[in-house]
Amino acid sequence: MSSVTRAEVLSLYRRIFRIARSWQAQSALQHDTDTERRYIVQEAQTLFRQNQQLTEQESIKKCLDECNARIEIGLHYRNPYPRPTYLPPMGLATQKGRKFRGQQKLRKQAKPVYLQSHDDDT
C-alpha cells in the first residue's frame with residue numbers, strides 16, 4: 001500500500017470516529033444516540049479489520065468508495081445503518097437451474113456500492 005493510500009485510509013478511519021463522537025440520534029434520546037454511536041464504531045472496526053490485508057490498489061479504492069458512500073448516506077439521512085437492498089425486477093426464481101444462476105447474477109449486480117462489504121446472506 002502506498003503512503004498516500006495509507007494516509008487516506010487512516011484519515012477516513014479518524015473521520016468515522018469523529019462522526020461517532022458527535023453523532024446525535026434523530027429521536028434525540030440519549031439511549032438511541034449511545035446505541036448508534038456504538039454501532040458506528042463497531043462497524044468501522046469490523047470492516048477496517050476485515051479489509052486490512054488488502055494490497056491491490058483497485059480493491060482498496062472500492063473499499064474507500066464504499067466507506068465514503070456510507071458516510072454520506074448516513075449523514076444525509078441521519079441514520080448510521082445501511083439502507084435496505086431491494087431485489088431487481090424478476091429477482092425471485094426457483095432454487096435450481098439456469099434461472100436461479102441468472103437471478104443470483106442480477107442480485108449481485110443490483111447490490112449498491114455502500115453494501116459491497118456485507119455478505120449476500122445478510
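Keeping all protein chains in place, calculate the accessible area per residue for region 1-46 (probe 1.4 angstrom), answer in Å².
Working: 3060 Å² over 46 residues.
So region 1-46 comes to 67 Å² accessible per residue, rounded to a whole number.
How far apart, in nm, are two points set 7 Å out from the Cα along the Cα-to-Cβ line at Ser27 and at Gln53?
Calculated label separation equals 3.8 nm.
Debye calculation, C-alpha points only, no solvent: report log10 I(q)/I(0) for region 1-71 at q = 0.15, 0.23, 0.26, 0.27 Å⁻¹, in the same order as the q values.
Rounded to two decimals, the profile gives -0.53, -1.00, -1.19, -1.26.
The values are calculated or read from the model by the stated rules, or taken from the named source; none is laboratory data. Just so we're clear, the structure is a prediction, and the values are computed from it rather than from any experiment. Glycine gets a Cβ as well: all are built from the backbone with ideal geometry, and neighbour counts include every protein chain shown. Each accessible area value is taken on the protein alone, full model and side chains, heavy atoms only, with ligands, DNA and RNA left out. Shrake-Rupley method; radii C 1.70, N 1.55, O 1.52, S 1.80 Å.
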